Amino acid sequence: MILDLLLLFLLGLSFGSFVNAWVWRLKTGRSISTGRSMCPSCKHQLAWYDNIPVISFVFLQAKCRYCKKPISWQYPLVELATTLLFVGIYLHFSPISIQTWTVLALWCLASVFLVAAFVYDYKWMLLPDRFMLPVIAIGIVLVTMSGVQNGWQSVVPQLIAATVFTSIYLAMWFFSGGRFLGDGDIRLALAMGLLLAVPQLLVAVFVAYVVGAGVGVYLVAQKGRKRTDQLAFGPFLIIGLYFGLFWGEQIAHWYLRYF
């Protein structure tokens, strides 16, 4: 188990570093498969020792080695968040059987796209299909695996919940003319419905709206925003998704037991 955790820790850091580069290159129109990494400020190519996840950030004291401009805290935070997700998903699905390794790998792969979507939507209020469509595809694979292993009747409630949840977001998008949310949020809603069981999904949505409302109130109270200003909702849905994955079943059982 220790070796598994160490491997996932290193993979999480590596994929987190990849997500940072991917998001920036997608926004600037550069291919992720060509060219070396460079400083966003001075455009100087980075050496391999400038690209070690988290460690380079610490040793460089959050400044570019060449132009001394500050390095965004986004880089280590994304690397650490991806690592925590990889490790957390492993612990969530433990003990790991041969079949569960496939589920673990698919969830880790989905996490790479979801973390990228989180960063992109937070920075530019857009959820590109390049991130969302693979997550939906992974969700379909996981639902199909569950249906084959446990019987198709076991996934019917989840498919119904996914359809209802997506339809609600589609209606909100249509009747608001895209003012309340973007069409990327519709695809994210579908992905959540496919990835989460019904109790997990309900908890995820509740957490997303509570956290979103709390952040909105805080920003207005700090006079940094007006109540009419737009706020990307995708990051809150993704936070809710993982909250639902890790603790949704327990919270739902607790609620039904006492209320």
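Every number in this text was worked out from the coordinates using simple rules, so none of it is lab data. Nothing here was measured: the structure is a model prediction, and the numbers come from that model. Glycine gets a Cβ as well: all are built from the backbone with ideal geometry, and neighbour counts include every protein chain shown.
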- Task: Calculate the radius of gyration of the Cα atoms of the chain to one decimal place, then report Dmax, the largest Cα-Cα distance, as a whole number, both in Å.
- Result: 19.6, 60
- Message: Going by average Cβ density within 10 Å per residue, which order do the peptides 177-185, 102-110 take, highest to lowest?
- Response: 102-110, 177-185
- Message: Once you compute Rg and the Kirkwood Rh from C-alpha atoms, what is the Rg to Rh ratio for the range 46-90?
- Response: 1.06
- Computed over the chain, the relative contact order (Cα-Cα under 8 Å, seq sep at least six) in percent reads 16
- Using the Kirkwood radius built from alpha carbon pairs, what does the Stokes-Einstein equation give as D for the range 68-157 at 25 °C and 0.890 mPa s, in µm² per second? 165
- Calc'd 3J(HN,Hα), the range 181-189, phi into Karplus 6.51 cos²θ - 1.76 cosθ + 1.60 (θ = phi - 60°), Hz, glycine/Pro = x, comes to 7, x, 5, x, 5, 5, 5, 5, 4
- Taking the Cα centre of the range 1-96 as origin, sum charge times position over the Cβ atoms of Lys and Arg (+1) and Asp and Glu (-1), and report the length of that vector in debye to the nearest 20. 640
- Query: Where the centre of each part is set by its Cα atoms, how far does the range 83-99 sit from the range 146-222, in angstrom?
  - Reply: 23
- Message: What do you get for the angle between helix 198-221 and the principal long axis of the chain? Use alpha-carbon atoms, 0 to 90 degrees, nearest ten.
- Response: 50
- Query: For the range 117-259, max minus min Cα coordinate along each principal axis, in Å, sorted largest first?
  - Reply: 52, 39, 27
- Message: Can you compute 3J(HN,Hα) from phi for each residue in the range 25-36, using the Karplus curve 6.51 cos²θ - 1.76 cosθ + 1.60 with θ = phi - 60°, rounded to whole Hz and x for Gly and Pro?
- Response: 5, 5, 5, 8, x, 9, 6, 6, 9, 10, x, 8
- Query: Once amide H atoms are built 1.01 Å from N in the peptide plane, which residues 5 or more positions from Met38, or in another chain, come under 5 Å H to H?
  - Reply: Leu46
- Å³ per residue of the Cα convex hull, for the range 1-112? 109
- FRET efficiency for Ser97 and Lys68 from the Cβ-Cβ distance with R0 = 41 Å, rounded to 0.05, comes out at 0.20
- Message: Can you work out the Karplus-derived ³J(HN,Hα) for every residue in the range 237-254? Use 6.51 cos²θ - 1.76 cosθ + 1.60 with θ = phi - 60°, whole Hz, and x for glycine or proline.
- Response: 5, 5, 4, x, 4, 6, 4, x, 4, 7, 10, x, 4, 5, 5, 5, 5, 4
- Item | Listed residues Leu256, Pro199, Leu219: farthest to the positive end of the dipole of the range 117-259 (Cβ charges) | Leu219
- Item | Positive dipole terminus of the range 1-70, leading residue within Tyr66, Ser37, Leu11 (C-beta point charges) | Tyr66
- Task: Set the Förster distance to 35 Å, then compute FRET efficiency between Leu7 and Tyr255 from the Cβ-Cβ distance, nearest 0.05.
- Result: 0.45
- Over the range 117-259, relative contact order from alpha-carbon pairs under 8 Å, at least 6 apart, %: 29
- Query: Taking only Cα atoms, what is the 0 to 90° angle, nearest 10, from helix 74-93's long axis to the longest principal axis of the chain?
  - Reply: 30
